[in-house]
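Please treat every number below as a calculation from the coordinates, not as lab data. Please read all numbers here as calculations on a predicted model, not as lab measurements. Virtual Cβ from ideal backbone geometry, glycine too; neighbours counted across all protein chains shown.
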Amino acid sequence: MEAKTPVELYKLLPAEQHFTEPPAHFTEATLVKELEDKGIGRPSTYSPTIQTILDRGYIAKEGKKLMITELGLMIVDMLTNYFKDIIDIPFSAELETELDEIAEHKADKTKILEKFYVPFSKLMEKADKEIEAVEAPVEVSDVKCEKCGRMMVIKQGRFGKFLACPGFPECRNTKPILHKIGVKCPECGGEVIERKTKTRRIFYGCANYPECKFTSWDRPTEEKCPKCGKVMLERIEKNGNKKLYCSNETCENGLHIKKGKAGRKSAKSK
């Protein structure tokens with residue numbers, strides 16, 4: 001177009017305000033992809049790395065999302081303060097390359113270790129002098145210790161959060177945190193709670209265990225089956241869709257399992 005060429009107004013759009021949104025939380029899959037893209041680690045180290053920061057309470061899983069904890073934020077701030085050059089992404093990627101060169105006998109191990117350790121030891125010496133003992137903030141729960149009457153606090157352990165009496169060591173009472181889902185147990189009327197296996201897979205069970213043995217991989221709901229009156233369960237399918245089915249295996253609204261041609265089991269809901 002040339003200067004001063006007349007143009008015709010086609011459409012006038014209303015003004016809209018947009019706010020900058022933070023990036024989405026990592027999942028295990030997206031975190032592995034990020035590590036691959038940045039050249040950090042190897043396929044054999046991805047799973048142990050994620051498991052380590054989960055076990056130490058630096059992150060927590062909420063569904064598929066990896067959420068940073070208060071302890072994780074404190075650790076990141078401390079490392080950024082005292083070891084900024086070492087936790088730098090290019091440094092980590094370069095160190096991976098140097099380790100490969102050592103393995104292939106293309107670099108001298110002693111020289112590379114010396115190049116790393118001399119400045120690192122000075123940083124460690126400074127950090128030891130300046131960093132004071134830091135404890136994670138204490139979160140007081142609404143659960144009273146049945147042994148001494150104090151309000152129990154939430155602690156972070158190797159296998160996640162748990163309730164502990166603040167009167168330790170006089171009172172050593174501890175108990176798991178019950179994540180109630182707001183649904184009554186179909187067998188005894190107790191509270192259904194969210195539990196985790198040793199491999200961190202979520203399942204649902206009665207809070208009155210071991211007196212009540214009710215468990216389910218799929219989330220119980222408050223809905224009743226229109227056919228038999230039993231509790232309906234909610235299953236999340238691979239495409240993200242939710243499907244309700246009857247907990248009664250003999251009901252026609254139940255989740256029926258049939259074998260495919262190759263002998264594999266496939267779930268089909270009527």
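A few comments on the model shown:
- Listed residue (Pro23, Thr110, Ser44) projecting farthest to the positive dipole end of the stretch 9-138, Cβ model: Pro23
- Between the stretch 215-251 and the stretch 47-84, the C-alpha centres lie 35 angstrom from each other.
- Rounded to whole Å, the principal axis extents of the Cα atoms in the chain read 84, 72, 51, largest first.
- The stretch 136-228: C-alpha gyration tensor shape, a/c 1.5 cut-off, then a/b vs b/c: prolate
- Taking the helices alone, the chain has a mean residue ellipticity at 222 nm of -9000 deg cm²/dmol, built from -39,500 (n - 2.57) per DSSP H run of at least 4 residues and averaged over all its residues.
- For the chain, the Cβ-based charge dipole about the Cα centre amounts to some 2040 debye (Lys, Arg positive; Asp, Glu negative; other atoms uncharged).
- Highest-first arrangement of 41-52, 201-212, where packing means the average Cβ count within 10 Å: 201-212, 41-52
- Simple Cβ-charge dipole of the stretch 1-89, Lys/Arg +1 and Asp/Glu -1, about Cα centre, in debye nearest 20: 200 debye
- Counting only aspartates and glutamates at least 8 places from Lys238 when in the same chain, those with an alpha carbon closer than 20 Å to its own are Glu28, Glu62, Asp218.
- Cα-based reach from Lys106 at 21 Å (exclusive), listing lysines while leaving out same-chain residues under 8 positions away: Lys115
- Between the listed residues Ile236, Val140, Pro166, the Cα displaced farthest toward the positive end of the dipole of the chain, a dipole computed from Cβ unit charges relative to the Cα centre, is found at Ile236.
- Note on the stretch 174-216: with charges restricted to the Cβ of Lys and Arg (+1) and Asp and Glu (-1), its dipole about the Cα centre is near 300 debye.
- Cross-link partners of Lys227 among aspartates and glutamates (Cα-Cα below 16 Å; sequence separation of 8 or more within a chain): Glu249, Glu252
- In this structure, the residue pairs whose Cα-Cα separation is over 21 Å, taken from Lys64/Lys196; Lys33/Lys111; Lys147/Lys180, are Lys33/Lys111; Lys147/Lys180.
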